[in-house]
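Have a look at the structure below, then the notes.
The values are calculated or read from the model by the stated rules, or taken from the named source; none is laboratory data. This one's a predicted model, so the numbers in the text were calculated from it and none came from an experiment. Here the Cβ positions follow ideal geometry from the backbone for every residue, glycine too, while neighbour counts run over all protein chains shown. To get the accessible areas, we keep the full protein, side chains included, count just its heavy atoms, and leave off ligands, DNA and RNA. Shrake-Rupley method; radii C 1.70, N 1.55, O 1.52, S 1.80 Å.
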Amino acid sequence: MSVELVKNYFKENNIDKEILEFPVSSATVELAAQAVGVEPARIAKTMSFYTKDKDAAILVVTAGDTKVDNSKFKHCFGMKAKMLSAEDVEQMTGHAIGGVCPFGNPPSVSVYLDVSMKRFASVFPAAGSANSAVEMTCEELEMYSGAKEWVDVCKLS
């Protein structure tokens, strides 16, 4: 289970954050918001895309009430947004669908944070499984995820 991968990643990197594990699914923004007890916008969803050469993944972490704006994505990354296929998600990110998160990914994965999350004091990204999350400030998320940079590639849905 990749929640164990995230726990190990936290331990190896001295990240003192409690991983919340739920008896119910948190695989979607709505389910995660119910499990955590917050508004859906505060769920930090991690969306996975192919790189230009389709040999690695780009992860974009964004507020739960947004969706990717194709023109912004193309302007930022110089390519059309193409989400990973279901078959490639776990192989390329190390996490199964519903638990993809910005922690403990292979070195080939690039993490970007969308500015849509900056309006919140804290957000809740997944922690490697379809029934987990962790609360972090945006500054902590930036530091602990090893994000390359903040981007503006989303719009409110």
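As a fraction of the 1.4 Å probe accessible area of segment 1-91, surface on carbon and sulfur atoms comes out at 47 percent.
Amide H contacts of residue 96 (H built 1.01 Å from N, in plane; Pro and chain starts excluded): 2 sit under 5 Å, all sequence-distant by 5 or more or on other chains.
Result for the chain in a Gaussian network model with C-alpha springs under 10 Å: among 94, 104, 78, the largest mean-square fluctuation is at 78.
Label-to-label distance, residue 12 versus residue 25, with points set 7 angstrom from Cα along the beta-carbon direction: 3.0 nm. Relative to its Kirkwood radius, the Cα radius of gyration of segment 1-121 gives an Rg/Rh of 0.95. Taking amide H as placed 1.01 Å from N in the peptide plane, the amide H of residue 84 sits under 5 Å from that of 48, 49, 50, each at least 5 places away or on another chain.
Rolling a 1.4 Å probe over the heavy atoms of the protein chains gives the chain an accessible area of 50 Å² per residue.
Multiplying the sequence separation of residue 121 and residue 86 by 0.36 nm and subtracting their Cα-Cα distance, what value in nm do you get? Let's see the in-between values first.
Working: separation 35, 0.36 × 35 = 12.60 nm, distance 3.22 nm.
My answer for the length gained is 9.4 nm.
Working note: Karplus 6.51/-1.76/1.60 with θ = phi - 60° gives segment 29-45 the couplings 4, 5, 5, 5, 4, 5, 5, 7, x, 10, 5, x, 4, 7, 7, 8, 7 Hz, where Gly and Pro are set to x.
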